[in-house]
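To keep things clear, I will list the structure first and then write my remarks on it.
The values are calculated or read from the model by the stated rules, or taken from the named source; none is laboratory data. What you see is a predicted model, and the numbers here were worked out from it, not measured in a lab. Note that we place each Cβ from the backbone using ideal geometry, even for glycine, and neighbour counts take in every protein chain shown.
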């Protein structure tokens, strides 16, 4: 699968962030519809996009490149290795993915639980009763519940992939001594 370059991902994320914050801020009354608020949203989008492009590029380098990162993601989703996967190459990548899943198992609910608490606070204190905060509460609670479930599924899949790599290594047997 061909993935977009990191700078394209950053531009798209920056555009989404800039337009999203502008629309939300104007719709809930944080900002007025003006050129100044549009320029502020554009600057925020550019900065966010630049940071995200750097983070995406860094993540892809650590994962062995775009195609390898996608291969690992697909393998973890499906629970099966691609043909010709070598333990030397895949074990460090799977270990890295395991650490991420273990971290997100507790960090995801904590982070989105705090966001949900903030949404509750805004629902209670915002006199305008904007439906946005109610939708945000539902969204953040759903993510807080989803992260540990998804992390457990990923950890089981990673264990299965590691067993497949170990079985492939055992079935290959020891290398012949002395060449041919």
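With respect to the conditions (1) outside the structural domain of residue 135 (by TED's automatic domain parsing); (2) within 22 Å of residue 139 (Cα to Cα); (3) without any contact (Cβ under 8 Å) to a residue 60 or more places away in the chain, residue 55 falls short on a single one, namely (2). Answer yes or no as to whether residue 40 is surrounded by 14 or more Cβ atoms within 10 Å (Cβ to Cβ), free of Cβ contacts under 8 Å to residues at least 40 places away in the same chain and not assigned by TED's automatic domain parsing to the domain that holds residue 130. Considered against the rule, which asks whether it is surrounded by 14 or more Cβ atoms within 10 Å (Cβ to Cβ), free of Cβ contacts under 8 Å to residues at least 40 places away in the same chain and not assigned by TED's automatic domain parsing to the domain that holds residue 130, residue 40 comes out as yes.
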